[in-house]
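Participant: So that we are looking at the same thing, I have put the structure below in structure tokens.
The values are calculated or read from the model by the stated rules, or taken from the named source; none is laboratory data. Computed from a prediction, not measured in an experiment: that's the story for all the values here. Every residue, glycine among them, receives a Cβ derived from its backbone with ideal geometry; neighbour counts consider all protein chains shown.
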Amino acid sequence: MQNNLGRTEFKGLGFYVPEKVLTNFEIEQMVDTSDEWIYTRTGIKQRHIAAADQATSDLAAVAARRALEKSRLLPTDLDLIIVATATPDTQMPACACLVQQKIGAKNAVAFDIAAACSGFIYGLSVADAYIKSKAYQNVLLIGAETFSRIINWHDRSTCILFGDGAGAALLQYGNGSSGIFNTFLGADGAGAELLTIPAGGSRLPADRESVEKSLHFLQMNGREVYKVAASGMAKAILSALDHAGFTLEDVDFIIPHQANVRIIESLIQKLKIAPEKVFLNLARYGNTSAASIPIALCEAVEDHKVNKGNLVVLVSFGAGLTWGASVIRW
Ligand SMILES: CC(C)(COP(=O)(O)OP(=O)(O)OC[C@H]1O[C@@H](n2cnc3c(N)ncnc32)[C@H](O)[C@@H]1OP(=O)(O)O)[C@@H](O)C(=O)NCCC(=O)NCCS
């Protein structure tokens with residue numbers, strides 16, 4: 001829906017990935033796999049892995065400071081910090097509270113969003129609603145993950161896919177023609193079992209048996225997730241555009257969640273869009289879950305692939321199942 005009363009705009013972006021790089025060749029030494037298998041099935045060459053003393057809030061805090069610097073704002077200017085993450089430092093308190101303390105944003109309210117790989121898009125929708133209602137003015141939305149901590153490094157079907165990182169966006173109300181036009185969200189709990197961490201929550205609290213059975217690690221039915229991901233993202237894009245009063249022809253650039261190059265290629269085929277209009281960086285980072293879209297957006301802006309006035313669509317798919325797309329005039 002077109003909205004002439006103003007929009008939520010992106011004021012500044014920042015991202016951070018840990019220094020340590022883990023290549024496919026190094027994973028060859030850990031499980032029975034090959035660089036060739038990983039690259040042809042996923043498009044991934046390497047991923048970044050958090051240092052032993054780094055947790056999700058540490059990565060998030062670096063990305064947050066960078067986004068604040070770009071926005072020319074101080075941490076004390078922040079009214080709200082939202083962290084989208086499936087890998088908070090602890091179950092309690094929220095990762096966002098730890099980030100608030102780390103960056104010195106003492107005036108900010110802070111909470112987390114749990115929507116896995118769709119977390120950043122879900123967070124955009126929440127931030128947009130708060131900003132438009134004038135409840136909060138300076139909102140920092142962060143997608144941050146350390147999937148290396150919830151991966152079973154003996155499971156070759158999942159350990160090849162994920163990486164660690166964080167991306168942050170400073171969002172503010174703006175009266176101009178740029179900003180978020182519409183965010184479309186979807187969820188289907190019937191697919192909850194397809195991508196899950198079975199133990200460590202209230203259903204199956206940690207005990208010796210759960211640890212021995214490796215139930216605190218991510219489990220995934222890759223083939224089934226693969227089947228629904230591309231069609232879910234295609235529908236989300238079309239719905240978000242429709243609600244915003246645009247069509248695919250109006251779109252200059254698409255930034256999809258970076259899970260698997262084959263899922264993205266399938267999306268390109270389904271929508272018949274030009275491949276050069278679609279951003280890819282997963283060869284370098286793997287799937288960083290909620291961090292993947294803000295990292296990609298930040299790189300796309302820095303590389304001048306996204307320019308002022310462009311119509312950009314962000315689109316995601318993830319555990320839940322959850323999906324979403326956001327239509328933004330840059
Ligand atoms: C995980 C994924 C790459 C696996 O690719 P796939 O083509 O579906 O492969 P399959 O699971 O059918 O396995 C095919 C074979 O490769 C094997 N295999 C699995 N992982 C392997 C690896 N890392 N190296 C070598 N062989 C592997 C399997 O054991 C299987 O062998 P088998 O035929 O002898 O049983 C793919 O399903 C995928 O990307 N799914 C989506 C996952 C995703 O993006 N999740 C996050 C969403 S947010």
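Participant: Do we find that residue 266 is without any contact (Cβ under 8 Å) to a residue 60 or more places away in the chain and either part of a loop (DSSP other than H, G, I, E, B) or among the small types (Gly, Ala, Ser) (or both) in this structure? Spell out how you get there, then give the answer.
Facilitator: Numbers: without any contact (Cβ under 8 Å) to a residue 60 or more places away in the chain: yes; either part of a loop (DSSP other than H, G, I, E, B) or among the small types (Gly, Ala, Ser) (or both): yes.
So residue 266 fits the description; yes.
Participant: Shifting gears a bit: Identify, from the list 326, 292, 316, the residue that is among the hydroxyl-bearing types (Ser, Thr, Tyr), within 16 Å of the ligand (Cβ to nearest atom) and outside any helix (DSSP H, G or I).
Facilitator: Details: 326 fails: within 16 Å of the ligand (Cβ to nearest atom); 292 fails: outside any helix (DSSP H, G or I).
After ruling out the rest, the residue left standing is 316.
Participant: From the list 27, 49, 82, which one is among the aliphatic types (A, V, I, L, M) and within 16 Å of the ligand (Cβ to nearest atom)? Working first, answer last.
Facilitator: Working: 49 fails: within 16 Å of the ligand (Cβ to nearest atom); 82 fails: within 16 Å of the ligand (Cβ to nearest atom).
So the residue among 27, 49, 82 that is among the aliphatic types (A, V, I, L, M) and within 16 Å of the ligand (Cβ to nearest atom) is 27.
Participant: On to the next question. Could you tell me which of the residues 40, 87 is part of a loop (DSSP other than H, G, I, E, B) and either outside the structural domain of residue 20 (by TED's automatic domain parsing) or within 16 Å of the ligand (Cβ to nearest atom) (or both)? Talk me through it step by step, then tell me what you get.
Facilitator: Working: 40 fails: part of a loop (DSSP other than H, G, I, E, B).
Within the list 40, 87, the selection yields 87.
Participant: Let me ask another. Counting residues that are in contact with a strand residue (DSSP E or B) (Cβ under 6 Å, 6 or more places away or on another chain), which helices (runs of 4 or more DSSP H) fully inside region 153-256 reach at least 2?
Facilitator: On the way: elements: 156-159, 208-212, 222-244.
Those helices (runs of 4 or more DSSP H) span 222-244.
Participant: Out of the residues in region 225-241 that are surrounded by fewer than 23 Cβ atoms within 10 Å (Cβ to Cβ) and of a type in the set (Val, Ile, Thr), state the one that is modelled with the lowest pLDDT.
Facilitator: Once the filter is applied, the top-ranked residue is 228.
Participant: Among the residues of region 242-286 satisfying the criterion of being buried (at least 16 other Cβ atoms within 10 Å of the Cβ) and among the hydroxyl-bearing types (Ser, Thr, Tyr), which is farthest from residue 225 (Cα to Cα)?
Facilitator: This residue is 285.
Participant: Assuming residue 283 fulfils every condition listed in (1) under 19 Å from residue 162 (Cβ atoms); (2) among the hydrophobic types (A, V, I, L, M, F, W, C); (3) out of contact with any strand residue (DSSP E or B) (no Cβ under 8 Å at 6 or more places or on another chain) apart from one, which condition is it?
Facilitator: (3)
Participant: Now for a different question. What number of residues within region 178-194 are buried (at least 22 other Cβ atoms within 10 Å of the Cβ) and either within 14 Å of the ligand (Cβ to nearest atom) or among the β-branched types (Val, Ile, Thr) (or both)?
Facilitator: 2
Participant: Okay, next question. Only residues in region 118-141 that are free of Cβ contacts under 8 Å to residues at least 60 places away in the same chain count as the first member; pair them with residues that are in a helix (DSSP H, G or I) and among the aromatic types (Phe, Trp, Tyr), Cβ under 9 angstrom, at least 6 apart or cross-chain, and list the lot.
Facilitator: 136/130
Participant: What number of residues within region 1-37 satisfy the criterion of being outside any loop (DSSP other than H, G, I, E, B) and within 27 Å of residue 67 (Cα to Cα)? Spell out the reasoning first.
Facilitator: First, the residues of region 1-37 that are outside any loop (DSSP other than H, G, I, E, B): 7-16, 20-28, 35-37.
In the following step, the residues that additionally are within 27 Å of residue 67 (Cα to Cα) were identified as 7-16, 20-22.
The total comes to 13.
Participant: For region 254-277, give me each residue that is away from the ligand (no atom under 16 Å from the Cβ) and within 18 Å of residue 120 (Cα to Cα).
Facilitator: Of everything in region 254-277, just one residue is away from the ligand (no atom under 16 Å from the Cβ) and within 18 Å of residue 120 (Cα to Cα), namely 254.
Participant: Restricting attention to region 62-72, does a residue exist that is at pLDDT 95 or above and in a loop (DSSP other than H, G, I, E, B)? Talk me through it step by step, then tell me what you get.
Facilitator: Going through region 62-72, the residues at pLDDT 95 or above turn out to be 62-72.
Now restrict to residues that are in a loop (DSSP other than H, G, I, E, B): 72.
Yes.
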